[in-house]
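Heads up: the structure comes next, in structure tokens.
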Amino acid sequence: MSVMDKTLPNRASAARPHIRIGLLWHSASSGNLGVGALTVGNLTLAREVAASMGLQPRFVILSMRDGDAPLDLGDDVEIFRIDTRAMLSPSGFWATLGRLDCVLDIGAGDSFADIYGPKRFAFLWLSKMLSIARRVPLVLSPQTIGPFTKPVYRALGAAAIRGSAVTFARDEQSLAVTREMAPRARAELAVDVAFVLPFEDRSSARGGAKIRVGVNASGLLFHQAETGTNRFGLSYDYAAFTRALLGALCAREDVAVHLVTHATSNGDPTDDDSRLADRLAQEFPAAIRVPNFATPSDAKSFISSLDCLVAARMHACIGALSAGTPVVPVAYSRKFSGLFGLLGYNHVLPMRGVTEESAVGYVLGRLDHRPELAEAEVEANRKVKDLLDVYRAALKQIFAQAVARA
């Protein structure tokens with residue numbers, strides 16, 4: 001259940017200037033690189049703030065087992081696995097909370113909502129309420145808040161927000177939801193922490209004889225299109241669009257197409273970019289099948305070498321924008337309009353109001369206007385810095401209070 005009990009000291013006996021920080025609902029092993037990017041990004045920010053205060057942080061990731069792609073997060077990070085037994089046992093999650101100075105809860109990015117079913121909501125909600133009951137300062141790190149479609153979930157969610165020290169929304173719609181649910185709670189606007197994911201800058205590979213275009217095709221959206229599910233309500237057939245786009249790109253002599261994966265799963269073939277990339281590489285032999293990436297930073301490093309990326313995975317888009325690679329996000333949920341609207345980046349393929357043909361035309365048009373996209377990214381990254389500075393300032397305040405309290 002836990003690998004940290006004998007190594008993490010009690011708050012009262014810990015020597016300063018250490019601070020023990022729980023990272024709730026962060027992943028250390030997901031095959032979805034976007035989920036891992038949230039973990040590495042929040043670690044990066046927390047380490048940065050702690051170092052600026054002269055503190056030595058120790059981290060405990062508190063989350064369910066969610067994949068088979070373990071990340072090497074450093075010697076200052078330990079893992080506590082959440083399951084039913086851990087949540088109910090006094091020697092499990094409750095005891096672990098007692099050894100922490102504060103908790104940063106990122107809610108797996110977008111899981112603090114009722115759309116993923118009662119079991120997942122119960123785990124996310126109970127872990128928050130136990131932190132509050134244990135009187136460990138709880139920060140809801142930048143994330144999507146809601147939707148809460150039923151009154152009981154809305155009431156329970158509001159109680160968790162009210163009990164938190166501060167709630168950070170990563171888009172304006174989530175901020176509005178938070179303030180409507182809990183008007184007196186402290187709520188702030190920030191942005192996705194994955195923007196600070198470290199990477200190796202390979203932008204020198206851009207501007208060659210051929211335009212290096214990355215295409216990140218979503219295994220999830222492609223499967224839904226092929227089965228007629230269309231859970232996200234796209235106005236066009238995503239599979240037909242992807243094939244038409246690849247056909248158009250591969251037909252151009254001035255373009256080198258790279259098939260880029262960002263979410264892989266050995267256990268769920270319906271949500272696996274890797275299997276889809278293999279299929280598409282066979283259908284379009286002119287395209288280069290880029291090997292799967294071991295870490296989120298590896299993916300971002302490669303993306304930084306591209307002249308343009310077309311991507312349906314939001315954190316692939318974030319990796320591109322923060323690395324200065326012109327990107328055309330392919331939206332499938334309000335997360336896209338919320339994030340890129342907040343940053344004033346108006347080069348997103350919308351979910352609705354387009355056909356396969358017009359969608360391909362839109363992407364190709366953006367490809368031919370890459371300097372305009374790059375200019376928009378410069379301004380967007382300025383906004384990212386300002387928004388994350390708000391989060392940094394709050395972390396500094398929470399860390400100072402936690403250390404004084406210990």
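The values are calculated or read from the model by the stated rules, or taken from the named source; none is laboratory data. Source: prediction; values computed, not measured. For neighbour counting, all protein chains shown are included, and Cβ atoms are generated from backbone atoms with ideal geometry for every residue, glycine included.
Quick grid of which residues meet (1) touching a Lys or Arg at 6+ places or on another chain (Cβ under 6 Å); (2) β-branched (V, I, T); (3) assigned to a strand (DSSP E or B):
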| residue | (1), (2), (3) |
| --- | --- |
| D68 | no, no, no |
| L71 | no, no, no |
| G74 | no, no, no |
| I79 | no, yes, yes |
| W94 | no, no, no |
| L100 | yes, no, no |
| A108 | no, no, no |
Tell me, which residue of the stretch 132-152 that is within 21 Å of P183 (Cα to Cα), touching a residue at least 40 places away in the same chain (Cβ under 8 Å) and not hydrophobic (A, V, I, L, M, F, W, C) is surrounded by the most Cβ atoms within 10 Å (Cβ to Cβ)?
P142
Can you tell me which of A359, A374 is crowded, with 19+ Cβ neighbours inside 10 Å, under 30 Å from A239 (Cα atoms) and of a type in the set (G, A, S)?
A359
I'd like to check something: does the stretch 206-215 contain any residue that is assigned to a helix (DSSP H, G or I) and touching a helix residue (DSSP H, G or I) at 6+ places or on another chain (Cβ under 8 Å)?
no
Among residues of the stretch 389-406, those that are in contact with a Pro (Cβ under 6 Å, 6 or more places away or on another chain) and surrounded by fewer than 16 Cβ atoms within 10 Å (Cβ to Cβ), counted:
0
Selection count, the stretch 264-298, where residues are modelled with pLDDT under 95, among the small types (G, A, S) and surrounded by 14 or more Cβ atoms within 10 Å (Cβ to Cβ)
1
Subset tally (residues that are assigned to a helix (DSSP H, G or I) and either over 18 Å from the mean Cα position of the chain (by Cα) or of a type outside the set (G, A, S) (or both)) for the stretch 296-318
9
Identity of the residue in the stretch 330-361, over 22 Å from L189 (Cα atoms) and not in a loop (DSSP other than H, G, I, E, B), that ends up nearest to the chain's Cα centre (by Cα):
V330
If W125 meets every condition in (1) in a loop (DSSP other than H, G, I, E, B); (2) among the aromatic types (F, W, Y); (3) at pLDDT 95 or above apart from one, which number is that one?
(1)
Give the residues of the stretch 44-68 that are surrounded by 14 or more Cβ atoms within 10 Å (Cβ to Cβ) and of a type in the set (G, A, S), sorted by residue number.
A46, A50, S63, G67
